[in-house]
Amino acid sequence: FSHVSFHYENEVPVLKDISFSCEPGMMVALVGPTGVGKTTLTQLIPRFYDPAEGQILIDGKDIRKVTLSSLRGCISPVLQDTFLFDGTIAENISYARPDASREEIEEAARAADIHEDILQMPDGYDTKVGERGLRLSGGQKQRVAIARAILRKSPIIILDEATASVDVETEKKIQNAISRIAGTRTILAIAHRLSTIRNADLILVIEEGRIAERGTHEELMAKKGYYYQMQLAQTEETKRRPA
């Protein structure tokens, strides 16, 4: 990202002069209050929108100068509201790669920490998930979506609040899945729960559309700024959670 600014049609600035670099295999995390532009920033990468100013480059190429199909073929999103269709677990994982073998599907499921859950289901990988995955828990749906992204083998994965609305045990499983793919893909992760992105290579704190702080977890904790305050607040919240 090079000096990227963005606004919607009302011309109220959403992102202001955003600049950062992400090397292949790095994990960059975006944190900050609701409504500061984190999701909008990730939506600029597959060109759901174009910047008002600045450039976004992948491998040194302006993404506006490549085809949409080639650009989006490089990106796998894992959204907070995961969409599953009324098919089997295996079909949902292999949605982006219908020719994938059962061995490849199971390998992706293991990496996403969902394989053991699937084996406990009535028909294993042939279990029907129901419309929008209604027979699965929220955490299981998220891990199926992560397995789908892993199987697709896109070099860039975007995680948008992947651990939102799940219990502590499921959160740990999703963290394990993210840890397994870290270093093998370039990951941009939006996170409300900071425990998910503690090991990120770079954490960007977004406030009012700007990068207010940047660094590793340790560096940001040492600064004792906004990130530090968020961490303290969430630690207290975790202590108050029922066991």
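The values are calculated or read from the model by the stated rules, or taken from the named source; none is laboratory data. Not measured: the values here are computed from a predicted model. Please note: Cβ atoms are built from the backbone with ideal geometry, for glycine as well, and neighbour counts cover all protein chains shown. For accessibility, only protein heavy atoms count, side chains too; no ligands or nucleic acids. Shrake-Rupley method; radii C 1.70, N 1.55, O 1.52, S 1.80 Å.
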**Report entry** Flag if Asp117 is of a type outside the set (S, T, N, Q), more than 24 Å from Leu71 (Cα to Cα) and at pLDDT below 90
**Finding:** no
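Please tell me if Asp81 is over 30 Å from Ala147 (Cβ atoms) and either among the acidic types (Asp, Glu) or free of Cβ contacts under 8 Å to residues at least 24 places away in the same chain (or both).
Criteria not met by Asp81.
How many residues does the range 189-203 hold that are part of a strand (DSSP E or B) and open to solvent by less than 10 Å² (accessible area, probe 1.4 Å)?
Here the count works out to 3.
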Report task. Take the residues in the range 134-149 that are open to solvent by less than 20 Å² (accessible area, probe 1.4 Å) and closer than 17 Å to Ala96 by Cα, then tell me which one is modelled with the lowest pLDDT. Result -> Gln142
Report summary line: Of (1) assigned to a helix (DSSP H, G or I); (2) among the basic types (Lys, Arg); (3) at pLDDT 95 or above, Lys239 fails just (3)
Report summary line: Restricting the range 2-53 to residues that are in contact with a His (Cβ under 8 Å, 6 or more places away or on another chain) and more than 25 Å from Glu219 (Cβ to Cβ), the one surrounded by the most Cβ atoms within 10 Å (Cβ to Cβ) turns out to be Val14
Query raised in the report: Somewhere in the range 140-157, is a residue in a helix (DSSP H, G or I) and either more than 22 Å from the chain's Cα centre (by Cα) or among the hydroxyl-bearing types (Ser, Thr, Tyr) (or both)?
Result: no
Report task. Specify which of the listed residues (Pro155, Pro122) is open to solvent by 20 Å² or more (accessible area, probe 1.4 Å) and closer than 27 Å to Cys74 by Cβ. Result -> Pro155
Query raised in the report: What number of residues within the range 103-119 satisfy the criterion of being at negative phi, touching a residue at least 12 places away in the same chain (Cβ under 8 Å) and crowded, with 17+ Cβ neighbours inside 10 Å?
Result: 9
Query raised in the report: Can you pull out the residues in the range 88-101 that are open to solvent by 20 Å² or more (accessible area, probe 1.4 Å) and part of a loop (DSSP other than H, G, I, E, B)?
Result: Tyr95, Ala96, Arg97, Pro98, Asp99, Ser101
Query raised in the report: Can you find a residue in the range 72-82 that is among the aliphatic types (A, V, I, L, M), more than 30 Å from Leu134 (Cα to Cα) and surrounded by 14 or more Cβ atoms within 10 Å (Cβ to Cβ)?
Result: no
